[in-house]
Amino acid sequence: MEDTTTDQQVITEEKCRQQQLWLKTISIHSYSQLSELEDNFSNKEPVILIARMTPIVTKNIEEGMKLVNEVYSAATKKNYSVFRLGEERIILVPPNVRVKSL
């Protein structure tokens, strides 16, 4: 039996095994945390980020909405999907993760 595996296939398979997917959570208390949020999905490693928005929204709803809009804009530029999880959380999902509604 002949092995038809190419070097490119081996390299691709190794990259897939080496790349880890992270799940991170964060509570947002102020607009100053925007850069921290953006850093999480600007890295080379894919991250599923769950952000609790209640602390900032209860303090200042306009600031909270502005932050959500900026996060959405930055995430979609990186091909991340953004979803609302109930009343107090958003989730940012990298493009290599499939999302299916039930």
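The values are calculated or read from the model by the stated rules, or taken from the named source; none is laboratory data. Because the structure is predicted, anything quoted here is derived from the model rather than measured. Heads up, the Cβs are rebuilt from the backbone with ideal geometry, glycines too, and the neighbour counts pull from every protein chain shown.
In the stretch 24-31, is there at least one residue being out of contact with any Lys or Arg (no Cβ under 8 Å at 6 or more places or on another chain) and either of a type in the set (Phe, Trp, Tyr) or modelled with pLDDT under 90 (or both)?
Checked against the condition, which is being out of contact with any Lys or Arg (no Cβ under 8 Å at 6 or more places or on another chain) and either of a type in the set (Phe, Trp, Tyr) or modelled with pLDDT under 90 (or both), the stretch 24-31 yields no hits at all.
What tally of residues in the stretch 60-72 results from selecting those that are surrounded by fewer than 14 Cβ atoms within 10 Å (Cβ to Cβ) and within 20 Å of residue 99 (Cα to Cα)?
0
Only one of 45, 63 is of a type in the set (Asp, Glu) and more than 12 Å from residue 28 (Cα to Cα); which?
45
If you go through the stretch 45-59 one residue at a time, do you hit one that is in contact with a His (Cβ under 7 Å, 6 or more places away or on another chain) and either closer than 24 Å to residue 99 by Cβ or surrounded by 15 or more Cβ atoms within 10 Å (Cβ to Cβ) (or both)?
yes
Which pairs turn up if I take residues in the stretch 35-59 that are farther than 11 Å from residue 89 by Cα and look for partners that are charged (D, E, K, R) and in a helix (DSSP H, G or I) with beta carbon separation below 8 Å, at least 6 apart in sequence or on another chain?
Here the result reads 56/63, each pair linking the stretch 35-59 to a residue that is charged (D, E, K, R) and in a helix (DSSP H, G or I).
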